[in-house]
1. For segment 78-169, state which GluC sites (Glu not before Pro) are in a DSSP loop and have at most 12 other beta carbons lying within 10 Å of their beta carbon.
2. In a GNM of the chain with a 10 Å cut-off on Cα contacts, which of ARG113, ARG167, ARG68 has the highest mean-square fluctuation?
3. For segment 22-55, state which GluC sites (Glu not before Pro) are in a DSSP loop and have at most 14 other beta carbons lying within 10 Å of their beta carbon.
4. Taking θ = phi - 60°, what integer Hz values does the Karplus form 6.51 cos²θ - 1.76 cosθ + 1.60 yield along segment 117-127, in sequence order, with x for Gly and Pro?
5. Would you mind pulling out the separation of the Cα centroids of segment 121-146 and segment 147-162, in Å?
6. Just in segment 118-164: which trypsin sites (Lys or Arg not before Pro) are loop by DSSP and have at most 11 other Cβ atoms within 10 Å?
7. Report, largest value first, the span of the C-alpha coordinates of segment 32-100 along each principal axis, in whole Å.
8. What dipole magnitude, in Debye to the nearest 20, does the chain give about its Cα centre under +1 on Lys/Arg Cβ and -1 on Asp/Glu Cβ?
Amino acid sequence: MPGCIRQNPAAANLTGTEKMRIPERKECLRMLTEVQMPTHIQNHSIMVCRVALFLCDGLAAAGININRELVMASALLHDITKPRSFTTGENHALTGGQYLARRGFPEVGDIVRQHVILDCYFAGELPNEAELVNYSDKRVLHQDVVSLKVRMDYIVKRYAKTEQLRRRAEQVWLDSMALEDRIFGYLSISPAQLAENLPS
């Protein structure tokens, strides 16, 4: 969907004097505890955050301005309602975004809402925070950094139970590959070198 332009409605409503509210890491971890996040999902979220921040720092070194705090909070909280979704069947990306907006973090919620499927791929000339969190989640299976192919094979096997869902997963796969090329076009490593270059 190149050329698609979408502005974050929450950010658009900020005036010059208003400041985006972003929870600090400690508060993010406290929220995960509040919702009784299982350890394995919390570990997944922490690894997604590590990947996203690494990419964020790489893009910053290439001169691309990314809000690091927004990436950090959104990555840590991207699965905030996933535990309850196993019982309710809800769309955890959508309800996670709503949950965080109600908590007073609409910009974080907007990115969380897009962590499965972006509203717009290539929404601007340069990579943005939503793209980094979305892509980073696609590279982490449980708590291991894997290739897009490994992750997408898992998603298809686990979640694509109908032909419609399989077609949707195939489109996500194509969009994610294009997003990978976009992000790594600014970095000095290849996607295959991501895991070995992550700081410990």
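Since every read-out is calculated from the coordinates, none of them should be taken as a lab result. In this text, all values refer to a predicted model and were calculated from it rather than measured experimentally. No Cβ is skipped: glycine too gets one built from the backbone with ideal geometry, and neighbour counts run over all protein chains shown.
1. On the way: sites: GLU90, GLU107, GLU125, GLU129, GLU131, GLU163; in loops: GLU90, GLU125.
When the GluC sites (Glu not before Pro) of segment 78-169 are filtered for loop state and at most 12 Cβ neighbours within 10 Å, GLU125 remain.
2. Sorting by GNM fluctuation, first place goes to ARG167.
3. Details: sites: GLU24, GLU27, GLU34; in loops: GLU24.
Loop-located and lightly packed - GLU24.
4. Result, rounded to whole Hz: 9, 6, 4, 8, 7, 6, 5, x, 5, 10, x.
5. 16 Å
6. Working: sites: LYS138, ARG139, LYS149, ARG151, LYS157, ARG158, LYS161; in loops: ARG139, LYS161.
Of the trypsin sites (Lys or Arg not before Pro), the ones in loops of segment 118-164 whose Cβ has at most 11 other Cβ atoms within 10 Å are LYS161.
7. Computed over the Cα atoms, the extents are 43, 23, 17 Å.
8. Working: 24 positive and 23 negative charges, 116 e Å.
Its charge dipole is roughly 560 debye.
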